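Worksheet: the structure to be examined is printed underneath.
The values are calculated or read from the model by the stated rules, or taken from the named source; none is laboratory data. Just so it is clear, the model here is predicted, and its values are computed rather than measured. Cβ sites come from the backbone with ideal geometry, for glycine too, and all protein chains shown count toward neighbours.
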Amino acid sequence: MSEEKVTDLVPDQNSDELATTTGSLLHFSSEKIKVIKNTVAKGATDDELEMFMHLAERYQLDPFAKEIWFVKRPKKVKDAQGNWDYKRLPSGEIDYEGVDPIIMTSRDGYVKVAQSDEDFEELNSFEIRSKDKFHFNPMTKEIQHEFGADRGQITGAWAVCKRKGREPAIIVVDFQEYKNAAGRNPVWDNYPSSMIRKVAEVIVLKRQFNISGLVTQEEMPMREVIEYDDPNIKRLESNHGNKNKALEIDDEWKKLSIRVKELSSKLGLGKEQMESIALFDLEIDGNPKNWSLSDMKKMVEYLEGKADEYVGDDEPNA
């Protein structure tokens, strides 16, 4: 990993853009890196943030465009009453100390990395079904795949990636292996052929272009992909001792959410303006669905202040 500090990775300290480009290179100002730590990479230590930004710039993936993201998955522990919950700070937020980070992208992120290389030629893939005529010779690296209208159940997928000056990279993956790892996942249930093809594609792209330090959501079990809604009733066991408190928090969150919608409508603020306020004025997540109760309170307080200013400006001078 580069020994440069995060703030040394970026030349522009005053830009209002989320991400800037110098030629074809993506850079982030120190102000935007601070926003990333409070939103996209919440819970990251300084060293983890430096690694995250290093990978984002190395592979030219934009965190604000959701091309790369940072996830921490703490384990549940038993409290004094024998209930399972995540270790929490006095504020009620999840305690991420000692939790290993996962830096993730998607299949589209890998494709972007590959297509930005001038030696990239092509990427092909297809799902394999039980009634298909499929043959792969790993010694000669030849694939033969024929099928008709009646194809049967999905059994796997193949992908081939070609790059100038190198042998084609070929991968064949087993459907059941990745479907089992995904668990009860509506995306895999509804789009199985698309998902298994994506798995094959990300593995073959990783091998052909030596992509390291990143994993993709298609490769990970569902439980490792979903991010936290913190604090929220959905994160507590049904018999949890704090269930009533969690219900109170959830109810208050919903009431404040309605208040935010009323105030934003009154002030004529659109989605992009609200996202800008969240990211830069309040330094919280740009997506309201990810706001904690304290985040929601911050937004209500901010908008009420703006609404008071708006009313004051409309009052005639004495």
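Taking segment 145-164, which residues are over 23 Å from Ile211 (Cβ atoms) and either free of Cβ contacts under 8 Å to residues at least 24 places away in the same chain or surrounded by 15 or more Cβ atoms within 10 Å (Cβ to Cβ) (or both)?
If the condition is that a residue be over 23 Å from Ile211 (Cβ atoms) and either free of Cβ contacts under 8 Å to residues at least 24 places away in the same chain or surrounded by 15 or more Cβ atoms within 10 Å (Cβ to Cβ) (or both), then His145, Glu146, Phe147, Gly148, Ala149, Asp150, Arg151, Gly152, Ile154, Thr155 are the ones that fit.
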Restricted to segment 122-144 and to residues being modelled with pLDDT under 95 and either not in a strand (DSSP E or B) or not assigned by TED's automatic domain parsing to the domain that holds Tyr191 (or both), the residue surrounded by the fewest Cβ atoms within 10 Å (Cβ to Cβ) is Met139
How many residues of segment 145-187 are closer than 19 Å to His135 by Cβ and in a strand (DSSP E or B)? The answer is 15
Restricting segment 74-107 to residues that are under 21 Å from Leu214 (Cα atoms) and aliphatic (A, V, I, L, M), the one farthest from the chain's Cα centre (by Cα) turns out to be Val99
When Arg163 is run through (1) in contact with a Leu (Cβ under 6 Å, 6 or more places away or on another chain); (2) over 20 Å from Met195 (Cβ atoms), the failure sits at (1)
Kindly establish whether Glu201 is touching a helix residue (DSSP H, G or I) at 6+ places or on another chain (Cβ under 6 Å), in contact (Cβ under 8 Å) with a residue 12 or more places away in the chain and of a type in the set (Asp, Glu). yes
Within segment 35-47, of all residues that are among the charged types (D, E, K, R) and farther than 20 Å from Ser106 by Cβ, the one modelled with the highest pLDDT is Asp47
Taking Ile154, is it in the same structural domain as Ile211 (by TED's automatic domain parsing) and touching a His at 6+ places or on another chain (Cβ under 8 Å)?
-> no
Item to complete: Evaluate segment 58-67: report whether one residue or more is out of contact with any strand residue (DSSP E or B) (no Cβ under 7 Å at 6 or more places or on another chain), modelled with pLDDT of 85 or more and not in a helix (DSSP H, G or I).
Response: yes
- Query: If you go through segment 165-172 one residue at a time, do you hit one that is assigned by TED's automatic domain parsing to the domain that holds Leu205 and touching a residue at least 60 places away in the same chain (Cβ under 8 Å)?
  - Reply: no
